[in-house]
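Engineer: Handing you this structure, nothing more for now.
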Amino acid sequence: MNVTLAVKQYISKMIENSGPGMKVLLMDKETTSIVSVVYTQSEILQKEVYLFERIDSQNRDNMKHLKAICFLRPTKENVENLIQELRRPKYSVYFIYFSNVISKSEIKALAEADEQEVVAEVQEFYGDFIAVNPHLFSLNLSGVARGRSWEPTLLPRTTQGLTSVLLALKKCPMIRYQLSSDMAKRLGESVKQIITKEYELFDFRKTEVPPLLLILDRSDDAITPLLNQWTYQAMVHELLGLNNNRIDLSRVPGISKELKEVVLSAENDEFYANNLYLNFGEIGTNIKNLMEDFQKKKPKEQQKLESISDMKAFVDNYPQFKKMSGTVSKHVTVVGELSRLVSERHLMEVSELEQELACQNDHSSASQNVRRLLQNPRVSEMDAVRLVMLYALRYERHSSSILPGLMEELNRKGVSERHCRMVTSMVEYGGKRVRGSDLVNPQDAVAITKQFFKGLKGVENVYTQHAPLLQETLDQLIKGRLKDSQFPYLGPSSLRDRPQDIIVFIIGGATYEEALAIYNLNRTVPGVRIVLGGTTIHNTKSFLEEVTLTKGAGQAERVQRAGGHPNRR
């Protein structure tokens, strides 16, 4: 089960189907992201695709010598743009691929518009999601909830994205969902409806053990997206922000022009692929080795070119050398900037306390430490707020809670009212009243023993002792101990055997820490393959925006139902 490979194969097939000759790839905003995450421009150029255009761009030239490969989402707007295109075609022939199921009536409308008979084929290729890593996908959707319900337009879009993953991986799964979340149940029913309606598409070869789709809700674990991260991919997203594998480095002091935006893709960057899940200390060592390796190769290239064979060797090695030079400067810049932020924001100290709040159960130590860090002028506003949120989620109902005092500390520190309000929003979003699981206080003897031993052993790395709730949920699922009362099946049947192919989807967004947990489970549990997806991939900043949107929309809805105005007393 590899989502990156699934999308790559679809795109390769589109290009192959169009045969030899020069081509243009015609996309929309979303399919541009879907393609750019799995293929570089230079890779596609090698396949005779010389031009990349948007279907909604008005000023495209007529180029009758080019074949057009159209890869589009089946939206009304795209179909309308395509109808206009076919009435006045700019290219010689059109190969049309929709990223999801398209209705018969829309196919008919396209056929009627094709008066000049330029369409060679129309097909559905189910690449309707962003393949971030081989075992991780995203739908790039934020603000999916209104209070505890779906934002109406985003339930169908999420259903489409999730069913396209199932079709791309050729899986017709049984569905389990988190009972405490009405949104999880609705999404499960919506996916089931599509599987029933399009039963011919889902008619895959039966496996001995049916695949399983497990639908979860982010609000069950609001702690994981609030933690600072220390593995390379997760850390880059947390501190710099990864958007479709791109990082904006334009704010880095003294950055050179060509490094203002860099691409980090494990598909075509060997160093990144090898260091994706390593911690920051190991990356520092590996960067040093990469630099030394580069230095060794460098002088050879600059020796005197005295013979034809010297020149030939130089020319042969030059592309490799240039590529290595680009890789070195890119990673040195990224790691350098991460280093600067870690020291500027005192992140080692902040992160150690975050881990204590997430994993330990010592209220008096936690209270003192949070207060001490809030009084440190070098701790940023974002980090101060995140510590108070973690404290609020962890000790929400503790008899000696000092939350009011910590809120006063935030005010004294000059933290904006908006950020202070977010603490309350976070508890409303992911507090005890909402959660279906025991996120912070395990009740059963096994879990208590586990936590006791964890505290006893001491952890080899204080910055990575936290394990996301998802890891525990999947561990229970694989061992056949996940309770039906908390995660019921949709429909009458249930799985008797240990699951083999598991697709997990988190409404409200997944995180790179959870992706790392999945990567490790795939590596260490034989016979089990897991893919993780989310409506988006969060860092703390995007998660706080998601919670604000959720709570804001929920509040407006409640006020509307009551017939009043928000924030008017």
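Engineer: Taking the range 350-372 on its own, how many of its residues are acidic (Asp, Glu) and modelled with pLDDT under 90?
Structural biologist: Selection size over the range 350-372: 2.
Engineer: Test Leu242 against the stated conditions and say whether it is surrounded by 13 or more Cβ atoms within 10 Å (Cβ to Cβ) and over 21 Å from Thr32 (Cα atoms).
Structural biologist: So Leu242 does not fit the description; no.
Engineer: Can you work out which of the residues in the range 293-325 that are outside any helix (DSSP H, G or I) and open to solvent by 90 Å² or more (accessible area, probe 1.4 Å) is modelled with the highest pLDDT?
Structural biologist: Ranking the candidates gives Glu306 first.
Engineer: Here is a follow-up. Given the condition on the phi < 0 side of the Ramachandran plot, out of contact with any helix residue (DSSP H, G or I) (no Cβ under 7 Å at 6 or more places or on another chain) and not assigned by the TED database to the domain that holds Met389, answer yes or no: does some residue in the range 223-237 qualify?
Structural biologist: Looking through the range 223-237, none of the residues is on the phi < 0 side of the Ramachandran plot, out of contact with any helix residue (DSSP H, G or I) (no Cβ under 7 Å at 6 or more places or on another chain) and not assigned by the TED database to the domain that holds Met389.
Engineer: Of the conditions (1) assigned to a loop (DSSP other than H, G, I, E, B); (2) free of Cβ contacts under 8 Å to residues at least 24 places away in the same chain, Glu80 satisfies every one except a single condition; which number is it?
Structural biologist: (1)
Engineer: Next up: Can you tell me which of Val415, Val423, Val334, Val328 is outside the structural domain of Arg148 (by the TED database), β-branched (Val, Ile, Thr) and either open to solvent by 20 Å² or more (accessible area, probe 1.4 Å) or at pLDDT 90 or above (or both)?
Structural biologist: Matching residue, one of Val415, Val423, Val334, Val328: Val423.
Engineer: Sticking with this one: Return the residues of the range 202-232 that are under 30 Å from Ser493 (Cα atoms) and assigned to a loop (DSSP other than H, G, I, E, B); say none if nothing qualifies.
Structural biologist: Phe202, Asp203, Phe204, Arg205, Lys206, Thr207, Glu208, Val209, Pro210, Pro211, Asp221
Engineer: Restricting to the range 52-109, name every residue that is over 30 Å from the mean Cα position of the chain (by Cα) and among the charged types (D, E, K, R).
Structural biologist: Arg60, Asp61, Lys64, Lys67, Glu80, Glu85, Arg87, Arg88, Lys90, Lys104, Glu106, Lys108
Engineer: Counting only residues that are without any contact (Cβ under 8 Å) to a residue 40 or more places away in the chain and in a strand (DSSP E or B), how many does the range 2-60 have?
Structural biologist: Residues meeting the conditions: 6.
Engineer: Go through the range 1-14 and count every residue that is aliphatic (A, V, I, L, M) and surrounded by fewer than 21 Cβ atoms within 10 Å (Cβ to Cβ).
Structural biologist: Number of matching residues: 2.
Engineer: Please verify whether the range 167-186 includes one or more residues that are open to solvent by 10 Å² or more (accessible area, probe 1.4 Å), assigned to a helix (DSSP H, G or I) and among the small types (Gly, Ala, Ser).
Structural biologist: Yes; the residues of the range 167-186 include at least one that is open to solvent by 10 Å² or more (accessible area, probe 1.4 Å), assigned to a helix (DSSP H, G or I) and among the small types (Gly, Ala, Ser).
The values are calculated or read from the model by the stated rules, or taken from the named source; none is laboratory data. The shown structure was predicted, so the numbers you read here are calculated from the model rather than taken from an experiment. Counting neighbours? That spans all protein chains shown, and the Cβs are built from the backbone with ideal geometry, glycine included. Just the protein is used for accessible areas: all its heavy atoms, side chains included, with ligands, DNA and RNA removed. Shrake-Rupley method; radii C 1.70, N 1.55, O 1.52, S 1.80 Å.
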